[in-house]
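Read through the structure below, which is laid out as structure tokens, and then see the notes.
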Amino acid sequence: MRLFAFFAAALTILTCAAPSLARIDTFPPDTRTEYVKTDGATIYIRVCGKGPAVVLLHGFGDTGDMWAPVAKALVKDHTVVVPDLRGMGLSGHPEGGYDKKTQARDIAQVLDKLKIEKADLVTHDIGNMVGYALAAQYPARIARWIVIDAPLPGIGPWDEILKNPLLWHFNFRGPDAERLVKGRERIYLDRFYNELSFRPKAIDEATRRHYARLYARPGAMHSAFNQFAAFTQDAIDNKQLAAKGKLPMPILALGADHSFGDMQATIMRIVGSNVEGGIIKNSGHWIMEEQPAQTTAMVVKFIDTK
């Protein structure tokens, strides 16, 4: 509970980049990129490898670029699919559709385009929320799910989190907020990297510059604010999805020991019938920046468990 209290006080809910953007890491050499048109959005994806599919979903403050180390570990015997969520990274920035049920349909349509019927799922931060909407709406399409360090709107202690006055960023949006952040995206992102990490220096200068440039793209921060604005609708949707029954697939719920900790598994047991917990040690919320090797090893071990 000590770790949950810290997380509730500070949590943000929430490579293979374009040549003009400095890369923080590289995806495997066989990675191809493309844009997939879904209902209302254009989703940028990276695809590499052959074999059973694994989908990796990022959250706020990152893009799909965060998953490069995991992709390199899985590519030898898996097809790895790494989208940028609607409104983030190199995906399009539509005005609407930031509720997580709609974003889950984006991912389902990406899988349709790739002719993938079933996949393992790995998610972090806002990716968790999209992941739940995906697994709950299309349970037959998700074989296993690894969910990392963020809660689900409307589920478990969500109301406690919302009451915390320190979580001002949940309602930080609108034209004036965008004017304040415009040109200062790096300052805004540094707040999250510094306050939600165990070791801020683990998020190095190159990484911070990389994401600041991506979030400074036209429409990017507007879309990011809309991810948070959708939480009210997400909470309603999640309660309705949860009322239909628990998820059947095996779930590994990983919390960072200096962030969400054991509470990750506690929440996932509310919505899942087969949940295993785990802890990422010596890490805050930014697990792939702070503990990439440890996180990758835990992901690979669970996915390769038969």
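The values are calculated or read from the model by the stated rules, or taken from the named source; none is laboratory data. None of these values were measured; they are calculated from a predicted model. Cβ placement follows ideal geometry from the backbone for every residue including glycine, while neighbour counts extend to all protein chains displayed.
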Exercise. Can you tell me which residues in segment 230-252 are buried (at least 16 other Cβ atoms within 10 Å of the Cβ) and assigned to a helix (DSSP H, G or I)?
Worked result: F231, Q233, D234, A235, D237, N238, L241, A242
Seminar exercise, completed: In segment 1-34, residues that are surrounded by fewer than 13 Cβ atoms within 10 Å (Cβ to Cβ) and modelled with pLDDT of 50 or more total 4
For this session: Quick one: which residue in G261, G255, G219 is crowded, with 22+ Cβ neighbours inside 10 Å and on the phi > 0 side of the Ramachandran plot?
Result: G261
Problem set entry | Single unsatisfied condition, F170 versus (1) touching a Ser or Thr at 6+ places or on another chain (Cβ under 7 Å); (2) part of a helix (DSSP H, G or I); (3) over 18 Å from M268 (Cβ atoms) | (1)
Seminar exercise, completed: Across (1) surrounded by fewer than 16 Cβ atoms within 10 Å (Cβ to Cβ); (2) touching a Gly at 6+ places or on another chain (Cβ under 9 Å); (3) of a type in the set (D, E), E205 clears everything bar (2)
